[in-house]
Amino acid sequence: MLELLQPTAGDPLIALMGAFRADTRADKIDVGVGVYRDEHGKTPVMAAVKQAEKHLFDEQDTKAYVGLAGDLKFNAAIVEQVFGDKAAQIQDRVRAVQTTGGCGALRSLLDLVAQSKPDATVWVSDPTWLNHIPLVRSARLKLETYPYFDREKQGVRFEEMIACLSKLGPNDVVLLHGACHNPTGADLSEEQWQQIAQLAAKQGFLPFIDLAYQGLGRGLDADAYGVRCVAEQVPELLVAISCSKNLGLYRERVGCAIIVHQQPATAQRAIENLLVLVRGNYSMPPDHGANVAVRVLSDPTLRKMWLDELEVMRNRINDLRRAVSTSFRERLGNDRFDYIQHQYGMFSLLGLKAEQVQILREQYGIYMPGDSRTNVAGLQHSQIARFVEAVATVSK
Ligand SMILES: Cc1ncc(COP(=O)(O)O)c(C=O)c1O
């Protein structure tokens, strides 16, 4: 049977990681992979996480299964973090399930959509995070794109986006990036979120918000503005949460699938359906990462430590953004790359052609995917001058 399988194209980002590892140049620079790095180029375990792991090691006395929905305390802590002071208000209407990372949340919720409406269409931003596409396809749902990013103006094509979404209805799901849009770094303003929420309520499409970078853009609450605003105005909403970046738990696979519905009974039925899908898939989520996360989120000392560390990460990203923009301005004598300092999260698109990206890799040892998505958080301050010089030279 297996010889019937066709060769696969492979995942370009995973291939890029392999090529970077194999490169022996000492001054190589990786701005391709989507992980946060500190000034030493490391992705360290956060100190609050290390502490929580020590507590877990000392206190855990069983490895028995946790349950289909994972750690219920974790789910409650995530709902609290995502909805903030509105959490109590919508408590009856919200259900949450611990998942295997943000991808696990995205995939489980897409499976739920497919279960409910197999002919639904999922609309993703143009462009979007590359893995959204296989996630939607794996759930056997139709995929379309809505206009999002203006590559000339380096901003959101909001009027065109709204014009497109205005034609959608109850058969459509609109996947939105809650904050720190990947790959563009261009986020929606508060007014724009309001308009989208109103449109969703009017047209009846289902908003589905992917919040993978809460706390890494403007702050924990500010980055959740979109979710909170939409949740207040629409009858139903899906949210996929990732703890990979803001708790640095990447490989532990910690995330959360959240369902909001105006009818508590429907929210409950939806989550029960989701749990059946989970049972038929990986059965139960792993415990370690979520157990650590809930300790960090709910112990006042660990929480304070984590919030401080998160602030350092956020400030570093925003400092790097300013430093890269300034360096380009000085090198080029124009404002072509000024947008980098006005965007949020780890990524920005440099607007390079695939051939230019290839020259960067081959001649300068600078690694980024073919669309020139740059992980600003992958740079060290000491590398900025060389990075800017190389990009300026290849894009002349
Ligand atoms: C936009 C977006 N959504 C979701 C994720 C989920 O990541 P994970 O499954 O590693 O938690 C990522 C990670 O890169 C992302 O960039």
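The values are calculated or read from the model by the stated rules, or taken from the named source; none is laboratory data. The model shown is predicted, which means the values in this text are computed figures rather than measured ones. Using ideal geometry, Cβ is built from the backbone for each residue, glycine included, and neighbour counts are taken over all protein chains shown. Note: areas computed on protein heavy atoms with side chains; ligands, DNA, RNA excluded. Shrake-Rupley method; radii C 1.70, N 1.55, O 1.52, S 1.80 Å.
Worth pointing out:
- Qualifying residue in the range 93-116 (condition: modelled with pLDDT under 95, assigned to a loop (DSSP other than H, G, I, E, B) and open to solvent by 30 Å² or more (accessible area, probe 1.4 Å)): no
- Taking the criterion of being charged (D, E, K, R) and either more than 12 Å from the ligand (Cβ to nearest atom) or more than 21 Å from the chain's Cα centre (by Cα) (or both), the residues of the range 83-108 that qualify are Asp85, Lys86, Asp92, Arg93, Arg95.
- Whichever residue in the range 147-173 is surrounded by 20 or more Cβ atoms within 10 Å (Cβ to Cβ), in contact with a Ser or Thr (Cβ under 9 Å, 6 or more places away or on another chain) and touching a residue at least 40 places away in the same chain (Cβ under 8 Å) and, among such residues, is nearest to Thr374 (Cα to Cα): Gln154
Residue-wise test of (1) free of Cβ contacts under 8 Å to residues at least 24 places away in the same chain; (2) of a type in the set (S, T, N, Q); (3) buried (at least 22 other Cβ atoms within 10 Å of the Cβ).
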residue: Leu302; (1), (2), (3): no, no, no
residue: Glu309; (1), (2), (3): no, no, no
residue: Arg316; (1), (2), (3): no, no, no
residue: Asn334; (1), (2), (3): yes, yes, no
residue: Phe347; (1), (2), (3): no, no, yes
residue: Ile359; (1), (2), (3): no, no, no
residue: Gly365; (1), (2), (3): no, no, no
residue: Thr374; (1), (2), (3): no, yes, yes
residue: Thr393; (1), (2), (3): yes, yes, no
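- Against the test of being in contact with a strand residue (DSSP E or B) (Cβ under 9 Å, 6 or more places away or on another chain), over 18 Å from Ser348 (Cα atoms) and at pLDDT below 95, the options Gly41, Gly34 yield a single qualifying residue, Gly41.
- If you go through the range 109-146 and keep only what is within 14 Å of the ligand (Cβ to nearest atom) and in contact with a Ser or Thr (Cβ under 6 Å, 6 or more places away or on another chain), you end up with just Val124.
- Given (1) under 28 Å from Gly169 (Cα atoms); (2) open to solvent by less than 10 Å² (accessible area, probe 1.4 Å), index of the condition Gln192 fails: (2)
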